[in-house]
Amino acid sequence: MSAFENAMRQLDIAAEKLGLDSSVVDKLKQPDNIFEFDVPVRMSAKGGSASGRDDGSEKIFHGYRVQFNNARGPYKGGIRYHPQVDLDEVKALAFWMAIKTAVVDIPMGGGKGGIEVNPKELSLAELERLSREWVRKMYEHIGPKVDVPAPDVNTTPQIMAWMADEYAKLTGDTTGATFTGKPLDKGGSEGREAATGQGGFYVLDEIIKKLSLNPTDTRVIVQGIGNVGYHFAQLARQGGYKIVGLSDSKGGIYNPNGLDPEEVMRVKKEKGSVINVDGVEKVGGLAILQKECDVLVPAALENQITADNAARVKAKVILEMANGPTTPEADKILHDKGISVVPDVLANAGGVTVSYFEWEQNLKNEHWTEAEVLAKLEPIMRESFRAVWDTHEEHGVDLRTAAFMLAVKRIVEAMK
Ligand code: NAD
């Protein structure tokens, strides 16, 4: 099943529970706009290019933007730079953004973009030209009240700064509000870097209470100690949870007596991987998902918990901090085992929420402190969890279906 087919299956399940009319469902499945375009880039002359080209030739990359639904506000969603970016994936991601912004009830819609490129093969100057060219192709179709892109896989605050600058040159709009995820000195928001982990931590705190667990007795494994996983693990440890497992792309480590994410990160930076931490059990990258714990937090890649390993997961809760870490087949197995899966569209929505705060600050020409940002983020995440939980209890559905039902209902109300 492709990513988009998977997304549409999730929509069908929620729509059926809500008793939606098929004409409404058809409209929900239809992206508002699809842009597909060439992004030509002049490659650097010899010496200036990691790719070693020496003739200043032009190379054509393929760019996308899908504006899925704006019933609740401007399209919102990242731009991904990856060799495997394709239209099916961008459409699915754009749809999920519409769901995510509706789950946390922020006045934004859903969109996503991308360029089919391996950015590691480009020099910095080539990357800048590529990013500016994407904006030249799209600037008439984006804007603070229209479509607000952000970073995604392999796109950075620096890339957002180039894009915002190009947009300002082309349109004269210097608010910076067309792109979020910018560096702090270019209109970025305090708290954005840790926002996704922070939001996930509030959600963890809520579900633990619902399941009558308490932090000190709750063992947590985090797969992927990157931006999201590291901040999440740090906050969880500070909140009294026991982090018993951590991993990165080279493998994992497990210690039933607890790990200190800061210390593990220090070793990773010094020696290249968490697996170089001494005095702990070494575990394979996928095997870590099957170790004893109460809360399993996939925070790395999609499709990690599958029909092959779901039956061996021992956690009581899976908190999806990565996008799409659980396949639909695995979802069913986990549900049958009584494991609560907190879906990505809720668990990792702290990132888009703080992106929305950045947009708001830019439009009002304000700069909020980190404390102000967190004070606004916390109630949004906690209340969103409670609304999803209430829907889950009221309709007897799993948390993913509940989140989709809540979001779809809000989108349909706005469409009407
Ligand atoms: P990142 O690149 O900072 O970190 C990814 C981490 O995963 C790295 O530590 C990497 O070593 C590890 N990893 C890679 N392959 C692995 C494997 N096979 N097993 C274990 N670990 C592996 O990325 P990120 O920004 O932390 O994003 C992680 C996930 O969260 C992605 O799915 C992303 O789409 C999602 N997400 C991120 C944000 C955000 O604000 N950054 C927001 C919402 C969702």
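The values are calculated or read from the model by the stated rules, or taken from the named source; none is laboratory data. What you are looking at is a predicted structure, and each value in this text was computed from that prediction instead of being measured. Note that each Cβ is placed from the backbone with ideal geometry, even for glycine, and that neighbours are counted across all protein chains shown. Side chains are part of the model used for accessible areas, which takes the heavy atoms of the whole protein and leaves out ligands, DNA and RNA. Shrake-Rupley method; radii C 1.70, N 1.55, O 1.52, S 1.80 Å.
Annotations
- Cross-link pairs exceeding 21 Å in C-alpha to C-alpha distance, out of 91/169; 242/332; 29/409; 100/145; 112/250, comprise 91/169; 242/332; 112/250.
- The P(r) of region 334-390 has a tail past 13 Å containing 67 percent of all C-alpha pairs.
- The chain: relative contact order in percent, alpha carbon pairs under 8 Å with at least 6 residues between: 16
- Annotation: residue 129 carries an accessible surface of approximately 60 Å², with a 1.4 Å probe and no ligand, DNA or RNA atoms counted.
- Three-way shape label, region 106-154, alpha-carbon gyration tensor, a/c 1.5: prolate
- Pairwise FRET efficiency - residue 45 versus residue 329, Cβ, R0 = 35 Å, nearest 0.05: 0.10
- Charged neighbours of residue 17, selected by a Cβ distance under 12 Å, balance to -2 (K, R count +1; D, E count -1).
- All aspartates and glutamates inside 13 Å of residue 269 as judged from Cα atoms, apart from same-chain residues fewer than 8 positions distant: 248
- Taking 0.36 nm per residue of sequence separation and removing the Cα-Cα distance, the residue 308/residue 121 pair yields an extension gain of 63.9 nm.
- Cut-off 12 Å between beta-carbons: net charge of the residues surrounding residue 85, Lys and Arg +1, Asp and Glu -1: -2
- Added length on full extension, which subtracts the Cα-Cα distance from 0.36 nm per residue, residue 364 to residue 227: 46.5 nm
- The chain: antiparallel DSSP beta bridges as a percent of all, rounded to 5: 50
- The tail of the calculated P(r) for the chain, taken as Cα-Cα distances beyond 42 Å, holds 11 percent of the pairs.
- Gyration tensor verdict on region 32-189 (Cα atoms; rounded if a/c is under 1.5, prolate if a/b is larger than b/c, oblate otherwise): prolate
- DSSP-defined antiparallel bridges as percent of all bridges, region 193-347, nearest 5: 30
- Charge context of residue 301, other residues only, Cβ under 13 angstrom, K/R +1, D/E -1: -4
- In terms of its Cα atoms, region 193-347 spans 41, 30, 28 Å along the principal axes, sorted from long to short.
- If R0 equals 35 Å, the separation of the Cβ atoms of residue 27 and residue 209 corresponds to a calculated FRET efficiency of about 0.40.
- Taking every protein chain into account, the accessible area of region 193-347 amounts to 40 square angstrom per residue (probe 1.4 Å).
- Beta bridges by DSSP in region 32-189, antiparallel share as percent, to the nearest 5: 65
- Rolling a 1.4 Å probe across the protein heavy atoms gives region 1-120 an accessible surface of 41 Å² per residue.
- Per-pair calculated FRET efficiency, R0 = 45 Å: residue 171 and residue 58 via Cβ, rounded to 0.05: 0.95
- Length gained on full extension, residue 137 to residue 336, computed as 0.36 nm times the residue gap minus the Cα-Cα distance: 66.9 nm.
- For the chain, the fraction of 1.4 Å probe accessible surface lying on carbon and sulfur atoms is 47 percent.
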